[in-house]
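Engineer: After the structure tokens below, expect a handful of questions from me.
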Amino acid sequence: MKFCPRCGGLMIPVGKQGDKIILKCTRCGYVEVVDGKQLKDYTLKEETPAEERTITTLKVSEAKKKPPKSLEEWEQEREEYREVLQELLQEELEGGEE
Ligand SMILES: [Zn+2]
């Protein structure tokens, strides 16, 4: 962002003159012609915030920690789960009446 050398107001682009860009003060109307490259450099500085980048990398590493399970693994886990459930049910039925 460019500011007016006269009053310190905000300069906004109002037009182009070849490679140059015409900036005009929103306060006093002071006009300045600047090189288009200057403005390009400025916009380049607006990168993605570092925070956003960290979140993205976190998501990626988290996904790597949990690889998709194979069908066999799923079957085995389900079988184990069923056994545990049955045991729990049995215990509840046997020891439920006191
Ligand atoms: Zn001004």
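Engineer: Lys and Arg at +1, Asp and Glu at -1: add these up for the other residues within a Cβ distance under 9 Å of E32 and post the number.
Structural biologist: Net of charged neighbours comes to +2.
Engineer: Oh, and also: Using a 7 Å offset from the Cα along the Cα-to-Cβ direction at both K2 and Q90, what is the distance between the two label points in nm, to one decimal?
Structural biologist: The answer from the label model is 8.4 nm.
Engineer: Name the residues whose placed amide hydrogens come within less than 5 Å of the amide hydrogen of G9, ignoring near sequence neighbours (fewer than 5 apart) on the same chain.
Structural biologist: Correct list: C4.
Engineer: Around C4, under 12 Å between beta carbons, what's the net of Lys plus Arg minus Asp minus Glu among the other residues?
Structural biologist: Its environment carries a net charge of +3.
Engineer: May I ask you to evaluate 6.51 cos²θ - 1.76 cosθ + 1.60, the Karplus curve with θ = phi - 60°, for each residue of segment 30-36 and list the ³J(HN,Hα) values in order in whole Hz, giving x for glycine and proline?
Structural biologist: 5, 10, 9, 9, 10, 5, x
Engineer: Turning to a different aspect of this structure: What net charge is computed for the residues neighbouring L88, neighbours being all others with C-beta under 12 Å from the C-beta of L88, Lys and Arg scored +1, Asp and Glu -1?
Structural biologist: Residues close to L88 contribute a combined charge of -4.
Read the figures in this text as sums done on the coordinates, not as results from a lab. All values derive from a computational prediction rather than experimental measurement. When we count neighbours, we look across all protein chains shown, and the Cβ atoms used for this are built from the backbone with ideal geometry, even at glycine.
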